[in-house]
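A.B. asks: Take a look at the following structure, please.
The values are calculated or read from the model by the stated rules, or taken from the named source; none is laboratory data. This structure is a prediction, so every number in the text was calculated from the model and none was measured. Glycine gets a Cβ as well: all are built from the backbone with ideal geometry, and neighbour counts include every protein chain shown. For accessibility, only protein heavy atoms count, side chains too; no ligands or nucleic acids. Shrake-Rupley method; radii C 1.70, N 1.55, O 1.52, S 1.80 Å.
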Amino acid sequence: MSRVYNFSAGPAALPEEVLQRAADEMLEYGDSGQSVMEMSHRSKEYQAIIDSAESLLREIMSIPDNYKVLFLQGGASSQFAMIPLNLMTTGKADFIVTGQWANKAYQEASRYGDCKIVASSKDKTFSYIPEIDNSEFRPDASYVHICQNNTIYGTRFSDIPETGNVPLIADMSSCILSEPVDVSKYAVIYAGAQKNMGPAGLTVVIIREDLIGNARETTPTMFNYQIHADNGSMYNTPPTYGIYILKLVLEWVKSKGGLSAMKEYNEKKAAVLYDYLDSSSLFSATVQGRDRSLMNVPFVTGNEELDAKFVSEAKKAGFINIKGHRSVGGMRASIYNAMSMEGVEKLVAFMKKFEAENA
Ligand SMILES: *Cc1c(COP(=O)(O)O)cnc(C)c1O
């Protein structure tokens, strides 16, 4: 077996220890005589797994008691509709558009009410986080939506906007579990699991309890937060195996020292890559300063042919999925929790070699 260094933006690399543990437990979970995949979601064995996933997430993220944790399906993209259907009670919502995902959230919500773009960084291909004029927020907006880490463009909010009494909602698909966050500052945090939590098919929603129960009349049952909250995420069959892998990932995060340790490690990893990019005469980062993401690092040579050559040689050398998103071009190294320092250092060594050969 020879595993590659996978820099995919998502579905992304998982910790090898997690995969090994899942392999060990594949045919029989505990002494249940069955795989987790084959278990009834109503069995006591499975209830223990989902309970443990939730309590570990609560512990690791310090989620206050007045928040519900929901394990849903449909990806972060379904949340783009589910949020307005449940929470846009005043018929208005405000958006900061810092990339394609933030824009999709804005567009989908616009189907349900009056949505305003308070700030955008579209003018420079979303390569920065815009200044926000707080007076632009509407006091009667039901919420303000941000995408905390912009997977495609490699930017992130290092400070979150001050929205006053208006609830703040964050898409954390590509940064959840990468560093501590103060959950109490948010009304809703949501994330597709396939970046930093587990396999595709599971979506985690962390929502303040008092916001649940206001879905508009025509909301599909499966899109109503109340239904899922009242049924412990088991109104229908939840993504059982994905939740189990999340539990293993959370055990792994905890064993490494939790989110402050993740942050420290992620900052070190990102610094190795950004420091090299800043010193290289061939490669350069597309994002500057404090807006730089710790998770997704886009870079270019400035020459499309050379970019393509790099991507192809990197792949041959075992560094895969390093091509940038088609809307940005160039390269992007996604370095989520599961990417080791060794992987980043080897990538940088490979880039140095490529730089020397293509000077
Ligand atoms: C990947 C991603 C999405 C889309 O997630 P799906 O689970 O595919 O719907 C949305 N937002 C962000 C920030 C992402 O990184």
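A.B. asks: Where in the stretch 124-194 are there strands (runs of 3 or more DSSP E), lying wholly inside it, with at least 1 residues that are without any contact (Cβ under 8 Å) to a residue 24 or more places away in the chain?
C.D. replies: 188-192
A.B. asks: Among the numbered criteria (1) under 14 Å from the mean Cα position of the chain (by Cα); (2) assigned to a loop (DSSP other than H, G, I, E, B), which single criterion is violated by P238?
C.D. replies: (1)
A.B. asks: Among the numbered conditions (1) under 14 Å from C175 (Cα atoms); (2) open to solvent by 20 Å² or more (accessible area, probe 1.4 Å), tell me where M295 comes up short.
C.D. replies: So the condition that M295 fails would be (2).
Okay, residues lined up against (1) modelled with pLDDT of 95 or more; (2) within 16 Å of the ligand (Cβ to nearest atom); (3) under 12 Å from the mean Cα position of the chain (by Cα); (4) among the hydroxyl-bearing types (S, T, Y):
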{"site": "E179", "(1), (2), (3), (4)": "yes, yes, yes, no"}
{"site": "T219", "(1), (2), (3), (4)": "yes, no, no, yes"}
{"site": "K247", "(1), (2), (3), (4)": "yes, no, no, no"}
{"site": "E251", "(1), (2), (3), (4)": "yes, no, no, no"}
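A.B. asks: Among the residues of the stretch 101-114, which ones are outside any helix (DSSP H, G or I), touching a strand residue (DSSP E or B) at 6+ places or on another chain (Cβ under 8 Å) and in contact (Cβ under 8 Å) with a residue 24 or more places away in the chain?
C.D. replies: G113
A.B. asks: Right, A76: within 16 Å of the ligand (Cβ to nearest atom), more than 22 Å from E162 (Cα to Cα) and in contact with a Lys or Arg (Cβ under 8 Å, 6 or more places away or on another chain) or not?
C.D. replies: Against the criterion (within 16 Å of the ligand (Cβ to nearest atom), more than 22 Å from E162 (Cα to Cα) and in contact with a Lys or Arg (Cβ under 8 Å, 6 or more places away or on another chain)), A76 does not qualify.
A.B. asks: Considering only the stretch 123-144, I want to know if a residue exists there that is open to solvent by less than 10 Å² (accessible area, probe 1.4 Å) and either within 12 Å of the ligand (Cβ to nearest atom) or among the aromatic types (F, W, Y) (or both).
C.D. replies: Yes: one or more hits.
A.B. asks: Do you know which residues across the stretch 89-100 are among the hydroxyl-bearing types (S, T, Y) and in contact with a strand residue (DSSP E or B) (Cβ under 8 Å, 6 or more places away or on another chain)?
C.D. replies: Answer for the stretch 89-100, where residues must be among the hydroxyl-bearing types (S, T, Y) and in contact with a strand residue (DSSP E or B) (Cβ under 8 Å, 6 or more places away or on another chain): just T98.
A.B. asks: A further question on this structure: What number of residues within the stretch 79-114 satisfy the criterion of being open to solvent by less than 10 Å² (accessible area, probe 1.4 Å), more than 16 Å from the ligand (Cβ to nearest atom) and of a type outside the set (A, V, I, L, M, F, W, C)?
C.D. replies: Matching residues across the stretch 79-114 total 2.
A.B. asks: Sticking with this one: Would you confirm, using the coordinates I've provided, whether M197 is open to solvent by 20 Å² or more (accessible area, probe 1.4 Å), within 16 Å of the ligand (Cβ to nearest atom) and under 16 Å from F71 (Cα atoms)?
C.D. replies: The answer is no for M197.
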